[in-house]
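Since the structure comes first, as C-alpha cells, the remarks are kept for the end.
Derivation of every value follows stated rules applied to the coordinates shown; laboratory data play no part. Just so it is clear, the structure is predicted and the values come from calculations on it, not from any experiment. FYI the Cβ positions are ideal-geometry reconstructions off the backbone, even for glycines, and counts take in every protein chain you see.
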Amino acid sequence: MFRILESSVLAGFLYILSMSAYAVEYLAAENQVANFSTVKGMEYMAHLIKDRTNGRVDIKVVPAAKLGSEKDVIGKMKSGEIGFARVNVGALAQFVPEAAVVSMPFLFRNTKHEQKVLEGPIGAELLKEISKGDYIGLAFYESGFRSFYTTKRQIKSIEDMKGLRIRVQESDMMNAFVAALGAIPVPLAYSAVGDALKAGTIDGAENNVPSYVSTKHFETAKFYTLTNHIIAPDIVLVSRKVWETFSPEDQKIIAASAGQSVPYTRKLTEDQEQAGMKTAEAAGVIVSKMDLPLDRQPFLFAVRPLYKTFLATENLRKFEQQIRKTY
Ligand code: GTR
C-alpha cells in the first residue's frame with residue numbers, strides 16, 4: 001500500500017516537474033484598459049489556450065500599454081521579446097504594408113460590411129498575407145467606426161478641419177489622411193493623447209466610441225462628430241519567432257482559440273459602444289452628424305490620392321476591389 005502511494009506521489013512529482021519544464025508564460029500586450037472589450041477578448045482566448053494545451057501555453061494579458069506603445073510593442077515582437085499582442089491595423093501597417101488595406105478611410109460602408117469581409121474568404125486571405133513575415137495574424141477583432149472629436153468646435157464640413165491640430169496614430173497613412181483634410185497631424189502614442197488634450201497641444205483626435213470614453217478623452221474634447229471615416233479592425237498577433245517554437249498541435253489550438261474569441265469580443269464591443277455613447281451624452285458631449293451627403297463628399301474626394309500611395313501594389317488594390325464589391 002505504502003509502496004503504491006509512494007510511487008504515485010513520485011509519479012505526480014515527476015509530472016509536475018516535467019510540466020513546469022514546459023509551461024512557459026507568454027506576455028500579450030494590450031494598450032486598452034483592463035475592462036475594455038479587446039482585453040477581455042484576449043483574456044478569454046488565453047483561457048481557452050491554457051485549458052486546451054494543459055497549461056503548456058500560458059498567456060498573460062498585460063493591459064494599459066504597460067509593455068509599451070503600440071509601435072514599440074510591434075517592434076519588440078520581431079525579436080520575440082514580446083510574444084503576443086492585440087494591436088490596431090493602423091499601427092501595424094507601418095510594419096506590414098498589407099495591413100493598410102483594412103485601415104483605409106471610407107472603405108467599409110458599415111460594421112456589417114466589415115464583419116462580412118473579415119470573417120469571410122477575404123479576411124482569411126488577408127490574414128495569410130499579413131502572416132508572411134515577422135508576425136502571424138491570428139484573428140481580426142471588429143472595432144467600430146472612428147470619428148473626430150475636438151475641444152474647440154464641431155466639424156460641420158471639411159472647412160472646419162482647417163488648421164486643427166489632430167492627434168494621429170504613429171502611421172504614415174493616418175498622417176497623410178489628416179493632412180489631406182486640411183488639418184495638422186500630430187503623431188502620438190495612444191497613452192499620451194489625454195494629457196495632450198488637457199494641455200491644449202492638440203485640438204482633437206479620432207477614435208471609436210469605446211476608446212473615446214474609456215480613455216476619458218470625452219471629458220476634455222466635448223465635440224464628437226460622426227464623420228465615421230474609418231473602420232480599422234484590431235488584430236491578434238503572435239511573433240513568428242515565438243510561433244515557431246510551438247508544436248503544430250499547439251499552433252492549431254492557438255489559432256482556433258483566437259478565432260473563437262472573435263464573436264465573444266464583438267458582443268462586448270457592441271455593448272461598450274452603446275454604453276459609451278450614453279456616458280458621453282450624459283456628460284454633456286455634443287454628438288453630431290454631418291449633413292449627408294453634401295458635407296461628406298469633400299472628405300471622400302480628399303482621401304482618393306491616399307489609395308494610390310498606400311495601396312501601391314496590384315495585390316493590395318485587388319483586396320480593395322474585392323472589399324468594395326462585397327455586399
Ligand atoms: C484604438 C485601438 C488601439 C489604438 C488606438 C489609437 O481604437 O484599439 O489599439 O490603436 O485606437 O488610436 O492609438
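Here are some notes:
- Filtering T269, T265 for residues that are closer than 17 Å to N228 by Cβ and of a type in the set (S, T, N, Q) leaves a single hit, T269.
- Among the candidates A179, A221, A205, A232, the residue that is among the aliphatic types (A, V, I, L, M) and surrounded by fewer than 22 Cβ atoms within 10 Å (Cβ to Cβ) is uniquely A179.
- Region 282-305, residues that are touching a residue at least 60 places away in the same chain (Cβ under 8 Å), surrounded by fewer than 17 Cβ atoms within 10 Å (Cβ to Cβ) and closer than 28 Å to G120 by Cβ: L300
- Residue in region 192-210 that is in contact with a Pro (Cβ under 8 Å, 6 or more places away or on another chain), within 25 Å of K278 (Cα to Cα) and small (G, A, S) present: no
- From the list R167, R146, R240, R153, the lone residue that is over 21 Å from L311 (Cβ atoms), of a type in the set (D, E, K, R) and buried (at least 24 other Cβ atoms within 10 Å of the Cβ) is R167.
- Qualifying residue in region 253-276 (condition: in a strand (DSSP E or B) and either more than 16 Å from the ligand (Cβ to nearest atom) or in contact (Cβ under 8 Å) with a residue 24 or more places away in the chain (or both)): no
- Residue in region 61-69 that is within 17 Å of the chain's Cα centre (by Cα), closer than 27 Å to L181 by Cα and buried (at least 19 other Cβ atoms within 10 Å of the Cβ) present: yes
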